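Asks: To start, I am sharing the structure in question, which I have written as structure tokens.
Each value in this text was obtained by applying a stated rule to the coordinates, not by laboratory testing. Nothing here was measured: the structure is a model prediction, and the numbers come from that model. Every residue, glycine as well, gets a Cβ built from its backbone with ideal geometry; the counts of neighbours run over all protein chains shown.
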Amino acid sequence: MSLSEFALIKQYFSSVGGAEGVALGVGDDGAVLDISPDQQLVVSVDTLVAGVHFPQDAAPEDIARRTLRVNLSDMAAMGADARWFTLALTLPQAEADWLQAFSKAMAEDAQYFGCALVGGDTTAGPLSISIQMMGTVPRGQALVRGGAQAGDGVYVTGTLGEGAAALQVFSSGCSYNDSQREALLKRFNRPEPRLTVGRKLRGVASAAIDISDGLLADLGHIAECSGLGAELQLQQVPVAPWLTEAVNPDQLQSWVLSGGDDYELCFTVPESKQSLVDGMIHRGELLATRIGLMTSEPGIVCLDAEGQVQTVARKGYQHFN
Ligand code: ADP
Ligand code: MG
């Protein structure tokens, strides 16, 4: 039987090597390593494979920006400042035009987000790009998945569902108009890493994760790592109004709850900090919505507008499934 992605990591890679200097190892959006008395290094790596994470014929600019931003999103989820990255490129062939466009877009984004390319590796083979991102965080302030307590509020940034909806644009027969297509493609190719939000949440959020595999799966990771469950108010989950109008409700719900690729942050806030966070939201300093509550009962319970429990298939994206 083939192992799921998460079972595979747990079984074979959760405890390889010594732990000196490792404040947080396998299992979060990034590892947290002790490097100085006042700062910690946050490290993560993500690979994007042609035909799996982006279409085979995607433009080099789009591939560059998406790969960098997806990796920056993990820094945001850790509350880290992105600083440096290495780039492993596997290319079917070395085409000057492709490389020119790819490297220019990557340089522009790196400058914009304040991080620098410091090394990498280049090989021939099917198109695949890995970025190892390194950031820093003041000691003890990294946002982790396992810090939530029962009673903490659950929040999410931005709107959900567009990442999964964008995949439809690549398949034939989609019925979006031009501006909708453009909005979805922008969302897919240039997801917005929530680095500023992550920074603001240091010392405020009790747990955080970025939504790469779908809200239920990723909130599920916070719940499991914290030894808790959660109650989700389905009608509070933020969705772009135009998407609600364009798509049938069942399809939309599945994209919003179980689609991946949104790269928004899901975070929890203790009761003592909720008025602070709600004030930031109210004043427009934090683009986030409260969507539920952490509970001591394991599992994610979805409630409709009447408070009735809704059964929702919890299937986030997993490789090897
Ligand atoms: P994310 O979606 O935030 O990028 P993943 O779901 O890819 O995180 O990975 C979950 C956790 O498992 C992370 O802490 C990651 O570092 C770790 N991980 C994934 N693959 C491996 C591996 N082959 N060896 C060690 N750790 C791994
Ligand atoms: Mg992540």
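Asks: Would you mind ranking LEU185, LEU160 by Cβ crowding within 10 Å, fewest neighbours first? The partial results should precede the final answer.
Replies: Details: LEU185 15, LEU160 27.
The most exposed by this proxy come first: LEU185, LEU160.
Asks: So how far apart, in nm, are the two label points at THR196 and VAL22 if each is 7 Å from Cα heading toward Cβ?
Replies: 3.6 nm
Asks: Hey, another quick one. Rounded to the nearest 500, what is the 222 nm mean residue ellipticity of the chain from helices alone, with -39500 (n - 2.57) per DSSP H run of 4+ residues and division by all residues? Intermediate values should be presented prior to the final figure.
Replies: Values: 10 runs with 113 residues, N = 321.
It comes out at -10500 deg cm²/dmol, rounded to the nearest 500.
Asks: Direction-averaged shadow area of the convex hull around the Cα atoms of segment 82-198, nm²? Numbers along the way, then the final one.
Replies: Numbers: hull surface 44.4 nm².
In nm², the orientation-averaged hull projection of segment 82-198 is 11.1.
Asks: Calculated FRET efficiency, LEU8 and ALA88, Cβ-Cβ r, R0 35 Å, to nearest 0.05? Please list the in-between numbers first.
Replies: Details: r = 21 Å, r/R0 = 0.59.
My answer for the efficiency is 0.95.
Asks: Moving to a separate point now. Figure the gain on full extension for GLN111 and THR47 (residue separation times 0.36 nm, minus the Cα-Cα span) and round it to one decimal in nm. Spell out each step's value before the answer.
Replies: On the way: separation 64, 0.36 × 64 = 23.04 nm, distance 2.10 nm.
Full extension of this stretch gives 20.9 nm more.
Asks: Contact order normalised by length for the chain, with contacts defined as Cα pairs under 8 Å and 6 or more residues apart; what percent is it? Display every interim value, and only then the final one.
Replies: Numbers: 688 pairs, mean separation 73.0, N = 321.
It rounds to 23 percent for the chain.
Asks: I need the phi-derived Karplus couplings for segment 30-40: 6.51 cos²θ - 1.76 cosθ + 1.60, θ = phi - 60°, integer Hz, Gly and Pro marked x.
Replies: Karplus-based 3J(HN,Hα) across segment 30-40 equals x, 7, 10, 10, 7, 10, 7, x, 10, 10, 10 Hz.
Asks: Please give the charge dipole size of segment 42-139, origin at the Cα centre, charges +1 on K and R Cβ atoms and -1 on D and E Cβ atoms. Round to the nearest 20 debye.
Replies: Details: 6 positive and 11 negative charges, 71 e Å.
Dipole about the Cα centre, nearest 20: 340 debye.
Asks: Taking a quarter of the surface of the convex hull around the Cα atoms of segment 165-321, what do you get in nm²? Spell out each step's value before the answer.
Replies: Details: hull surface 42.6 nm².
Answer in nm², one decimal: 10.6.
Asks: In vacuum, with every alpha carbon of the chain counted as one equal point scatterer, what does the Debye formula give for log10 I(q)/I(0) at q = 0.12 Å⁻¹? Two decimals, please.
Replies: With no solvent term, the Cα-only Debye profile gives -0.84.
Asks: Another one. Above 19 Å lies some portion of the pair distances; for segment 1-157, what is it as a whole percent of all C-alpha pairs?
Replies: Working: 7424 of 12246 pairs.
Counting pairs separated by more than 19 Å, the tail of P(r) holds 61 percent.
Asks: A further question on this structure: Need the C-alpha centroid separation for segment 1-65 versus segment 136-174, integer Å.
Replies: 16 Å
Asks: For SER15 and ASP38, compute 0.36 nm times the residue count separating them, minus their Cα-Cα distance, and round to one decimal in nm.
Replies: Values: separation 23, 0.36 × 23 = 8.28 nm, distance 2.64 nm.
That works out to 5.6 nm of additional length.
Asks: Separate question: What's the longest piece of the chain with no exposed GluC sites (Glu not before Pro), counting a site as exposed if DSSP puts it in a loop and it has at most 15 other beta carbons within 10 Å?
Replies: On the way: sites that count: GLU20, GLU95, GLU285, GLU306.
Value returned for the longest uninterrupted segment is 96-284.
Asks: Here's another thing I want to ask about it. At q = 0.13, 0.24 Å⁻¹, what is the log10 ratio I(q)/I(0) for segment 38-90, with the Debye formula run over Cα points and no solvent?
Replies: Log10 I(q)/I(0), no solvent term: -0.36, -0.97.
Asks: What's the local net charge at GLY279, with K and R +1, D and E -1, over the other residues with C-beta under 13 Å away?
Replies: Working: positive: LYS200, LYS273, ARG283, ARG290; negative: ASP278, GLU285.
For residues surrounding GLY279, the net value is +2.
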